[in-house]
Structure formats: C-alpha cells, structure tokens
1. Below 8 Å between Cα atoms, with a sequence gap of 6+, how large is the relative contact order for chain B in percent?
2. Report the FRET efficiency, 1/(1 + (r/R0)^6), for residue A:14 and residue B:94, where r is their Cβ-Cβ distance and R0 is 51 Å, rounded to 0.05.
3. When a/c is below 1.5 the answer is rounded, else prolate if a/b is larger than b/c, else oblate, so apply that to segment B:2-195 with a ≥ b ≥ c taken from the square roots of the Cα gyration tensor eigenvalues.
4. To the nearest 0.05, what FRET efficiency results for residue C:146 and residue B:81 with a Förster distance of 56 Å applied to their C-beta separation?
5. How many percent of all Cα-Cα pairs in the protein assembly as shown sit more than 36 Å apart?
6. Cα axis of helix C:67-85 to longest principal axis of chain C: angle in degrees, 0 to 90, nearest 10?
7. Taking only Cα atoms, what is the 0 to 90° angle, nearest 10, from helix A:174-195's long axis to the longest principal axis of chain A?
8. Taking chain A as a Gaussian network, where each spring joins two C-alpha atoms under 10 Å apart, which residue of A:126, A:116, A:48 fluctuates the most?
Amino acid sequence: MQGIESLLYGIGIAGVAVNAAAGVLDAGRKPFDLFGMVVVALAASLGGGTLRDVLLDRTVFWIADQSNLIAAIVAGLATFLVVRVVRLPPRLFLLPDALGLALFTVSGTQAAIAMGAPWLVASLMGVITGVFGGIVRDVLCNEVPLVFTAELYATASWAGALLLLALLEAGVSPGWAALAGATLVLVIRLGAIRFKWRLPVFIARS
Amino acid sequence: MQGIESLLYGIGIAGVAVNAAAGVLDAGRKPFDLFGMVVVALAASLGGGTLRDVLLDRTVFWIADQSNLIAAIVAGLATFLVVRVVRLPPRLFLLPDALGLALFTVSGTQAAIAMGAPWLVASLMGVITGVFGGIVRDVLCNEVPLVFTAELYATASWAGALLLLALLEAGVSPGWAALAGATLVLVIRLGAIRFKWRLPVFIARS
Amino acid sequence: MQGIESLLYGIGIAGVAVNAAAGVLDAGRKPFDLFGMVVVALAASLGGGTLRDVLLDRTVFWIADQSNLIAAIVAGLATFLVVRVVRLPPRLFLLPDALGLALFTVSGTQAAIAMGAPWLVASLMGVITGVFGGIVRDVLCNEVPLVFTAELYATASWAGALLLLALLEAGVSPGWAALAGATLVLVIRLGAIRFKWRLPVFIARS
C-alpha cells in the first residue's frame with residue numbers, strides 16, 4: 001500500500017498544479033498584474049480543500065505541508081510565462097482538470113469520513129473540495145461562477161462521492177471504493193463535455 | 001421547557017427552508033443549472049450560521065446535525081420544481097423571511113453568549129447569522145448584496161440583538177429576552193416594508 | 001519593551017481605523033445605506049486578520065479583544081459623517097494606508113511564526129493579513145479587487161514578510177527584524193505610488 005499512498009500524494013500535488021494553471025488562464029482575461037495572477041492561482045487550487053478543512057476544524061492541508069503551496073505557485077508562474085509566448089488550446093486542460101476534480105472529490109469525501117461526518121455532509125465535503133476553488137476564482141474575477149452553468153461539473157463530483165459512500169457502506173474496501181468513485185466522476189465529466197450532457201437550466205418565470 | 005426547545009428547533013429548521021427557497025428564487029434570474037441552484041440555496045440558508053460557528057470555533061451546526069442540510073436541499077429542490085409551473089408572488093416570502101431573520105438573530109446572539117463572547121461581538125454574531133447567507137447568495141449571483149440597500153434589514157437584526165443583550169443584563173430570563181428580541185426584529189422589519197422606512201443612503205461627493 | 005508593546009498595539013488599532021475609513025470611501029460609490037457602509041468598513045479593516053486567525057485555528061483577534069471592533073465602527077461612522085460635509089482628497093489616505101499595510105504584514109507574519117508555520121506559509125499569512133480586507137471590500141462592492149491591479153500593493157507586503165523571515169533566520173532580534181520588514185513594505189509601496197512602479201500586466205493571447 002506504500003506505493004499507492006505515494007501515487008495518491010503525487011496525483012494530489014498534480015491536481016493542485018493543474019487547477020493553479022487553469023486559474024491563471026481564467027484570470028488572463030482581466031488586467032491583473034503578476035501578483036493578482038498568483039492569488040487567483042492559489043485560490044483556485046487550494047480554496048476547496050481550505051474550506052473543507054476549516055469547516056471540519058482540521059489543520060488546513062497546505063499549512064501542514066507546504067509542498068502544495070509551492071506546487072501551486074510554481075505552476076501558476078510557469079503558466080504565466082508560457083502563455084506570454086505560446087498560445088495553449090483550452091482543450092489541453094480538460095483532461096487533467098477532470099482528473100483533478102475526481103481526485104479532489106475522493107480525498108475530500110474520505111477526509112470527512114475520517115472525521116466522523118454523517119454521509120450527506122461527507123458527500124458535500126467531496127463536492128466542496130472539488131469545486132469551491134473554481135467558484136472563488138470566478139468571484140475574484142467578478143464573473144458568475146462557471147461551475148453553476150458548465151456541463152455537469154459539480155453533479156459529476158456529487159455522483160462520485162455518493163458512489164464512494166455507498167460502496168463503503170456495502171463493505172467494499174476503501175481503495176476500490178475510491179477508485180470506483182473517481183472513475184464515475186471522470187466518466188460523467190468527460191461524457192458531459194463530449195456529448196454536451198446538461199442539467200435542466202432554470203429560468204424563473206417573471 | 002421541553003416543548004419550547006422543540007418549538008425553537010422546528011422554527012430553526014423552517015427558517016433554513018425559507019431561506020433556501022428565497023435563494024432559489026434569487027438565482028432564478030441567472031442561467032444556473034439545477035446544481036448551481038442547490039449551491040445558492042445552501043449558501044443562502046446555511047451561510048450565516050456557518051460563518052458564526054467558524055468565527056467562534058464551534059462545530060459547524062449542519063455538520064453536527066444534518067437535518068438542517070436536508071431541509072435546505074429539499075426546500076431548494078421543491079421551489080425549483082414549483083416555480084417551473086406556478087408563478088409565486090414575491091410577497092409570499094416576506095413574512096417567513098422576516099421570521100427567519102428574527103430567529104437567526106436570536107439564536108446567533110445566544111450561541112455567542114454561550115461561548116463567552118463580549119456584548120458587542122455577541123450582537124454582531126446575531127447579525128452575521130441573520131444576514132450573511134443573503135450576502136453570499138448575492139455575491140454568487142454577481143450582484144451588489146441586497147442587504148446593503150434594502151429597507152432596514154440588518155438594522156432590524158442588530159436592534160433585536162442589542163435588546164436581547166440589554167434584557168439579559170437587566171436580569172430578565174433568557175426565554176423572555178429572546179422573545180422580546182425576536183419581536184423587535186419582526187416589528188422593525190415588517191414596519192420598514194410596509195411604511196418604506198430607510199436608513200440614510202450614502203453617496204460620496206466626487 | 002513595555003513601551004514598544006503599547007506602541008505596536010496603538011498602531012494596530014490605528015491601522016484598523018484607517019482601513020475602515022478607506023472601506024467607507026470605497027463603498028460610497030455605491031448606493032449603500034448606513035448599515036451596508038458599516039459592514040464594508042468592518043470587512044475591509046478586520047477581514048485580513050480574521051482569515052489569518054481562522055486558517056491558523058487561533059481565536060479570532062476581534063473576538064478576543066473588542067477594542068478593534070469598536071475602532072472600526074467608530075472610524076467608519078465618523079468617515080460617513082465627515083464625507084457628507086467635507087470632500088477629502090484621496091491622497092490623504094495613502095500614507096496611513098501604507099503604514100497599515102506594513103504593520104498588518106509584520107503582525108500577520110509574526111502570528112504565523114508563533115504558531116510554528118513553515119516560512120512560505122508564514123510569509124503568505126503576512127500578505128493575507130495585509131491585503132485580504134481590501135479584496136473582500138471590493139468583492140462586496142461588486143468590483144474587480146483593486147489589489148490585483150494597483151501599484152505593487154501585495155508585492156510590497158510579500159517582500160517585507162520575506163525580509164522579516166530572512167533576518168530572523170540570520171539571528172537578528174525579532175524587534176529589529178520587524179522594523180526592517182515594515183520599513184521595506186513602506187518604501188516599496190510609497191515608491192510605487194510616487195514613481196508608478198508596476199509589475200508586468202498579464203493579458204492572455206486569444
């Protein structure tokens with residue numbers, strides 16, 4: 001299991017880096033300076049896990065281990081430099097972004113279970129960890145959060161978290177349950193992008 | 001007193017449900033999907049109490065008891081479905097919304113006193129519990145928070161919290177003090193709606 | 001050292017008051033009522049230290065000592081009243097604002113070190129304490145945060161925090177290290193205002 005632990009840790013750091021890069025690309029549409037860019041990168045990549053840890057009253061993960069912070073800053077700066085020279089196709093980020101969502105969802109749900117949270121709260125912690133960073137990013141950029149309008153973004157996260165919890169309840173081992181949950185997030189999210197799946201949009205009568 | 005405790009608990013859940021419904025109605029003016037709707041409903045109904053609990057370093061109330069979470073989700077989804085069919089008059093929500101404000105104010109102030117907070121902090125915790133959810137709701141919808149411009153919304157909350165604290169200081173029993181505080185919030189808020197009472201609006205010279 | 005402690009405490013309260021006044025001036029461009037004004041003043045002056053304390057899991061500073069809260073409310077109300085009569089030149093606030101940034105940066109960094117945070121986290125806590133209040137203020141006013149676009153605002157804060165940490169590492173006494181860090185913040189910030197120093201602005205190719 002030592003190998004799997006290291007692998008998960010590495011994927012977690014990679015998820016942080018990818019979300020930081022996505023934050024820089026989003027902020028690039030506003031006249032932010034280098035520092036504003038770094039703040040948006042940090043908020044996008046660390047915001048979800050931070051809110052989860054504050055709500056659960058755990059030590060905030062990037063205060064306990066600053067590798068996450070370094071990964072976010074380096075990835076943000078690198079993206080800032082690269083995008084000044086090369087034009088990256090937006091599609092490039094869709095797969096790692098979906099991977100990050102899957103991993104953040106699973107790790108957030110597991111952290112909540114470890115603190116003894118009831119199932120509905122635990123699934124919501126998974127969703128918060130997965131999507132809150134993107135909400136903060138968009139609020140800082142003064143836009144309506146993309147998460148609320150994009151193809152099944154948070155819905156994919158919630159479905160994966162619920163599957164993970166159902167499998168644990170059914171006695172499946174944590175490792176397999178996590179793998180199944182993460183896979184479901186990926187399948188729904190990538191399917192939604194490919195086939196334009198959407199939840200019903202709500203416009204109030206007025 | 002057992003009966004009063006149960007009654008307060010029931011009114012608290014009702015306040016959460018009403019605020020969730022109001023959140024959905026507000027979000028309806030934006031092209032959010034079903035999930036975005038649920039997030040806004042949760043933020044509007046649980047945001048104030050969450051910030052209070054995080055600031056006071058208490059266990060967040062909906063993590064300790066997920067009935068609140070279920071009430072918010074069910075009320076949000078029900079409103080989503082009903083509003084697609086029937087057109088609800090906005091006035092329908094004014095009375096329960098004012099009731100929710102009154103109850104949230106009193107419960108927030110009491111929670112802060114129980115943690116030993118000084119009086120000014122305690123009154124502010126009452127206001128935060130009452131109004132912060134609405135602020136988050138409007139920020140997520142990318143609007144200037146209504147609370148800052150509406151008729152004596154937060155002012156009613158603050159007045160009620162201060163009355164509660166003054167009565168407690170004067171030796172009145174907690175039950176009667178809470179009742180008086182909540183009544184004052186209701187009277188000011190409903191009077192402001194009916195008679196268009198307002199605080200002076202501030203426009204800087206420039 | 002008793003004298004220095006008192007001096008620092010006094011400057012801290014002054015920093016809170018100045019930031020509250022700046023918040024009222026900023027909110028004045030929106031049609032907020034008196035209460036909305038007070039909320040923006042509180043968020044602008046107490047927001048940074050609050051986020052720092054929540055992240056570090058310390059008791060929030062204005063809950064522990066409500067003098068800060070009183071200073072923010074009084075300064076906010078006074079500004080509200082004065083600006084209705086006299087037109088203040090915006091330049092009047094630049095020096096005390098820079099002083100407030102310098103002091104908040106140093107106190108935030110020191111608080112993080114005292115909690116045993118690693119150096120990168122500690123420097124970030126200094127920056128958060130210095131600039132987060134202004135970010136919340138602008139988000140509440142529905143604007144892109146000024147901090148992200150202004151002349152070397154947060155950069156000055158970060159540079160000062162890093163100098164403080166480097167001097168402590170080199171064995172300099174905490175008092176002198178704090179003085180040097182605060183001075184660096186002031187020099188960079190005032191130089192940036194005077195000579196229009198800027199970080200490169202980033203506009204993505206698209």
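Every number here is computed from the coordinates shown, using simple stated rules; none is lab data. The structure displayed is predicted, hence computed values, not measured ones. Using ideal geometry, Cβ is built from the backbone for each residue, glycine included, and neighbour counts are taken over all protein chains shown.
1. 22
2. 0.55
3. Judged from the Cα gyration tensor, segment B:2-195 comes out prolate (a/c at least 1.5, a/b above b/c).
4. About 0.85, to the nearest 0.05.
5. 37
6. 40
7. Long axis of A:174-195 versus the principal axis of chain A: about 50 degrees.
8. Judging by the Gaussian network model, the answer is A:116.
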